[in-house]
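One structure is given below, encoded as structure tokens.
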Amino acid sequence: MPKRLGRAKKMVLLPFPDHEELDRERIVKDFGTPNSKRRFGVVALVPSFNRTKDWKAYGATVADKESVSDVIDALKRGEFEKAVVLRESL
């Protein structure tokens, strides 16, 4: 059996319930704002280009076809300060 390298993989799915304090805007702001002390990668999957705009406004990296490999490599190197946003239709 091969030795596991790197950090454990985790996934958190956050629906946007009808909760006045936990809406999309707050989640995008909290996770999209760069944090130099972040010890984990944040990756958001959005359905369209329009849904990337608010993430980018808060400082997240929006990957496109040309940059997605480099962005994923940065995560593998432990570069977690900025959230990464992927569009479903890359």
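Sort 25-36, 66-77 by packing, meaning the average of other beta carbons within 10 Å per residue, with the highest value first.
25-36, 66-77
Pairs of alpha-carbon atoms within less than 8 angstrom and 6+ residues apart define the contacts here; what relative contact order does the stretch 34-90 have, in percent?
Once normalised by length, the contact order is 58 percent.
All of the numbers you see were taken from the coordinates with simple rules; none came from a lab. If you're wondering where the values come from, they're calculated on a predicted model, not measured in any experiment. Note that each Cβ is placed from the backbone with ideal geometry, even for glycine, and that neighbours are counted across all protein chains shown.
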